[in-house]
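Dropping a structure here in structure tokens format, bear with me for questions.
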Amino acid sequence: MANSYTAVRTVFFNKFEKSPCDLYLKLSDDKYVKILNKNDDINSNFIEKYVLKKIFEFFLTSKDFSECQDQLFDFHSNVREILVNGKKVQLPQHDGMNEIMEGLGVSERQTKQINNMSNQIVQELNTGDTNFSNLIGKFTSDSGRFLYDHSYLTAMISCLIASENEWGTTPNKEKLCLASILHELGDEDQLKLKTQDHLSRQNLLNGYPEFQRKTNQKLADKLKSIGSIPLDVISIIEGSHNYSFSQLSPMTCCFVVGHQFVVELYAEKFTPDKVPEILERMKTIFTEGNPAKQLDLLVKAV
């Protein structure tokens with residue numbers, strides 16, 4: 001039986017010194033050529049050679065992809081340096097994610113803005129009066145964790161949508177960034193999840209588990225006792241997994257739509273060609289009112 005192949009953007013391979021699997025280029029719909037063997041050296045120069053030729057994807061056999069996907073989508077693996085847009089940078093940072101978001105239409109100005117906001121929020125949660133320091137350490141640095149990346153991307157897409165609204169000011173973007181990070185801190189067990197485990201809990205079409213709504217409500221109740229957390233942020237936390245759409249504010253709907261888009265991006269392995277399909281699927285979920293309006297703005301933005 002012939003192999004089937006999965007496309008993965010070149011940026012995901014910047015973290016490796018040795019290729020985790022065989023790599024292929026696609027020559028046609030039914031022809032692929034191997035360019036690197038598993039465990040061969042892979043470095044910035046190798047990747048840059050293809051990027052300069054405007055080749056932004058390598059192909060893996062589906063079997064290899066299944067075995068390597070946790071490594072590929074761990075943006076913060078311990079590495080010495082990666083190449084992003086021709087520049088060598090140190091990890092852990094958000095550069096790989098920023099490159100992907102810029103490819104989807106987010107401006108470099110906005111990725112820098114959200115990066116700065118998110119970093120500041122993490123520092124404040126770690127040292128301020130919110131008493132999240134024990135969770136923040138695991139959230140940002142545990143090996144194999146997924147939620148920090150997921151939350152950062154949710155902030156990025158939510159703020160992209162917000163920019164299309166009249167209320168999309170910098171203070172409101174800060175609230176969306178704070179909500180994006182806080183919404184996963186209500187259940188410490190979540191910090192142990194890997195990508196596929198987490199995505200299986202995010203399938204909106206199959207109904208979201210009741211425990212997640214209860215977890216978010218418990219977190220919201222805790223946040224209400226902290227005077228520095230804006231009420232808008234608490235409302236987002238309460239509504240982020242409660243899909244009674246008619247009851248949600250425009251800002252909460254912005255967050256919900258952004259969050260679902262990120263879940264779909266992970267499910268589609270960050271393949272740009274899949275974005276139109278993702279948006280069409282989301283139109284069957286967010287069909288009216290504020291959610292539909294925010295989805296329309298997302299479509300406009302990407």
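What's the extension gain from LYS214 to ALA301 if we count 0.36 nm per residue and subtract their Cα-Cα distance?
The LYS214-ALA301 span can extend by a further 28.0 nm.
What is the extension gain from GLU102 to VAL33, computed as 0.36 nm multiplied by their sequence separation minus the C-alpha to C-alpha distance, in nm to one decimal?
22.0 nm
So, R0 is 25 Å and r is the distance between the beta-carbons of THR287 and THR169; what FRET efficiency does that work out to, to 0.05?
0.35
Using alpha-carbon positions, what is the distance between the centroids of segment 232-302 and segment 10-59, in Å?
Spelled out, the Cα-based centre of one part sits 33 Å from the other.
Looking at segment 262-302, which GluC sites (Glu not before Pro) are DSSP coil and have at most 12 other C-beta atoms within 10 Å of their C-beta?
Passing sites in segment 262-302 are GLU288.
By how many nm would the segment from GLU124 to SER249 lengthen if fully extended, with 0.36 nm per residue of separation less the alpha-carbon distance?
42.4 nm
Which loop chymotrypsin sites (Phe, Trp or Tyr not before Pro) in segment 145-176, with loop taken from DSSP, have no more than 16 other Cβ atoms within 10 angstrom of their Cβ?
Of the chymotrypsin sites (Phe, Trp or Tyr not before Pro), the ones in loops of segment 145-176 whose Cβ has at most 16 other Cβ atoms within 10 Å are TRP167.
Before anything else, pin down the relative contact order of segment 255-302: Cα pairs under 8 Å, at least 6 apart, normalised by residue count, whole percent.
With pairs under 8 Å counted, the relative contact order is 38 percent.
With Cβ to Cβ distances under 13 Å as the rule, what net charge do the other residues near LEU178 carry (K, R +1; D, E -1)?
After counting each charged neighbour, the total is -2.
No lab work stands behind these numbers, since they all come straight from the coordinates. Source: prediction; values computed, not measured. Every residue, glycine among them, receives a Cβ derived from its backbone with ideal geometry; neighbour counts consider all protein chains shown.
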